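First the structure, in the form of structure tokens, and then the observations on it.
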Amino acid sequence: MPGETDAAEQAGALEQAIREIRERVRTQYPEGAHDGVTLPDLTAVLQARDAARSKVAAIGRVNPRRPGPFNDIVQLLKRLVARALDWHVREQVEFNRAAVAGFDALLEALNENNRALKALAVSIAAARAEAAGQIEETRRHLRAATDKLEAACATLEVTREELAATRGELQATRGELQATRGELQTTRGELDATRADLQGTRAEQDQAKTDLGDLRGAWQNKAAAVDNELFRIENQLLRTIGELKGAFDFRLGQMSEEVQRRLWGDLAQVREQFERLIQTELRVIRQRRAAAAARPAAGPAAPEAAPALDYAMLAERFRGPEEHVREGQRSYVPLFEKRKSVLDIGCGRGEFLELMKEAGVPARGVDISPELVAACRAKGLEAEAADAFAFLPALQDESLDGIFCAHLIEHLEPARLPELIRLAAAKLRRGGLIAIETPNPECLATLASYFYLDPTHQRPVPAALLGFYLEEAGFGRIEVRWLSPAIESMPSLEELPEDFRAAFFDGLDYAITGRKL
């Protein structure tokens, strides 16, 4: 409503005026504490001044009374008395007014003092705030300087540790250098000793040359006493010794592995020639004895009928899968490399023929089982179903340069094994290779069960006996290698002494190789 709005506006204006008057009074008459400075309280002085003013103003005045005739007369009398006494109290009134003026001057001085104290308190507060800011700034600078000093101390400590570690490394390096110097001096002494040994070896080589020349002269002197029958052999030996002597003189200055390899090759050729000579002489002696006895040759005994069984399944179970057998026979590949005509007697499933095909070696097989031969042909291998004693005689003599025979001779009657060896020797060229693999009867594990897992086995053949048969047939450079260690299939053999295990439980099989002389 308009009336209420005006009243509210007037009340607000009045409150604003009161606040302004109060603020002016506070500014003119400050009191209380300002920034820690306590101002004197002038309230009592103000009250005394106000009381004095009221009394000064009341001098010469008449107290009012109620209207009425009596009261009017009384009031008139009071005024007359006040006027009559005015001359008497005039000095007192002036004194009172002077005292009130003194009070006003004192109060104003005290107020001025309060205002000065307030301004001083404000200045002190501002100075204190400024000093506090400066102190805080100084404290921050000191804290930053302290942090930098601590970081510098830590850096100095790390640097000191690094210097100590570097000093230790330098000392260790110095020790290593001194040790290296000692080793170099030792090596120099060893080199000097080696140089002296080489000079001694050279002197020994010169002496060996001299001795070899003396031996050659002695050999030539003794060669004149040999029969005319051995004249050809003597000449061949002299030529061989001359070649060896020339090779030996040339190789003495080389001192290398190639020299040793070639020297051993020459010695192997000499050995082969001697073995060939001995075999030739033995063959001549046997032929003369056979001619003198004039004994007719007996025909081969008829083989016993083999038991009716699936031999392919038997080989798969007890000899192993084709992959296992093929990996076991892979060691023969380097022996038959660069051969031109190889025959596998008893080729079976054709594992060896597959290896020869991979190596690019011409090879064919023969086996008595038509089923196994058909399996070989299905693999693209050349094989023929025939008995070895009928197949070999039909071949041209010296038409082969390699024969392989794995796990066949143990199926033959003992009397027929030498015949097979002689047939193989007749079909091989000079230098041709024969390799035979068979169970090892020197291994007790073979004789205990392994050999008799095949019911067609006749009798195991010891390596010494098979080597003798090969020598009789004209083979030389015979070597035996043990295969399939028994410990691989019988781990319990590790508990036996090593020498006993090597003597009685070495290889379940063995391979023997020889070259036709």
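From the set of residues in segment 469-489 that are modelled with pLDDT of 70 or more and farther than 25 Å from Pro414 by Cβ, which is surrounded by the most Cβ atoms within 10 Å (Cβ to Cβ)?
The first filter runs over segment 469-489 and keeps only residues modelled with pLDDT of 70 or more, leaving 469-485.
Subset that is farther than 25 Å from Pro414 by Cβ: 477, 485.
On the way: Arg477: 15, Pro485: 17.
Among those that are modelled with pLDDT of 70 or more and farther than 25 Å from Pro414 by Cβ, it is Pro485.
For the structure I just gave you, tell me whether Val366 is outside any loop (DSSP other than H, G, I, E, B) and either open to solvent by less than 60 Å² (accessible area, probe 1.4 Å) or in contact with a helix residue (DSSP H, G or I) (Cβ under 7 Å, 6 or more places away or on another chain) (or both). Here the answer is yes, as Val366 does meet what is asked.
Does Pro2 count as at pLDDT below 70, open to solvent by 80 Å² or more (accessible area, probe 1.4 Å) and over 60 Å from the mean Cα position of the chain (by Cα)? The answer is yes for Pro2. Taking the criterion of being among the aliphatic types (A, V, I, L, M), over 24 Å from Leu335 (Cβ atoms) and surrounded by 15 or more Cβ atoms within 10 Å (Cβ to Cβ), the residues of segment 369-403 that qualify are Val373, Ala375, Ala385, Ala386. Pairs meeting the criteria (first residue in segment 468-484 and without any contact (Cβ under 8 Å) to a residue 40 or more places away in the chain, second residue β-branched (Val, Ile, Thr), beta carbons under 9 Å, at least 6 apart or on different chains) are Ile478/Ile512; Ile478/Thr513; Glu479/Ile512; Glu479/Thr513; Val480/Ile512; Val480/Thr513; Arg481/Ile512; Arg481/Thr513.
Scanning segment 56-77 for residues that are surrounded by 12 or more Cβ atoms within 10 Å (Cβ to Cβ) and at pLDDT below 70 yields a total of 6.
Set side by side, the residues Gly299, Gly328, Gly360 differ, and just one is under 48 Å from the mean Cα position of the chain (by Cα), at pLDDT below 90 and either open to solvent by less than 80 Å² (accessible area, probe 1.4 Å) or within 23 Å of Ile421 (Cα to Cα) (or both), which is Gly328. Here Ile409 fulfils each of the conditions (1) open to solvent by less than 30 Å² (accessible area, probe 1.4 Å); (2) more than 20 Å from Arg515 (Cβ to Cβ); (3) more than 47 Å from the chain's Cα centre (by Cα) apart from (2). Take the conditions (1) part of a loop (DSSP other than H, G, I, E, B); (2) of a type outside the set (A, V, I, L, M); (3) buried (at least 21 other Cβ atoms within 10 Å of the Cβ); Phe352 misses just one of them, which is (1). Looking only at residues in segment 490-513 that are surrounded by 15 or more Cβ atoms within 10 Å (Cβ to Cβ) and acidic (Asp, Glu), the one that is modelled with the lowest pLDDT is Asp506.
The values are calculated or read from the model by the stated rules, or taken from the named source; none is laboratory data. No experiment lies behind these values; they were computed from the predicted model shown. Don't worry about glycine lacking a Cβ; one is built from the backbone with ideal geometry, like all the others, and counts go over all protein chains shown. All accessible areas refer to the heavy atoms of the entire protein, side chains included, with ligands and DNA or RNA removed. Shrake-Rupley method; radii C 1.70, N 1.55, O 1.52, S 1.80 Å.
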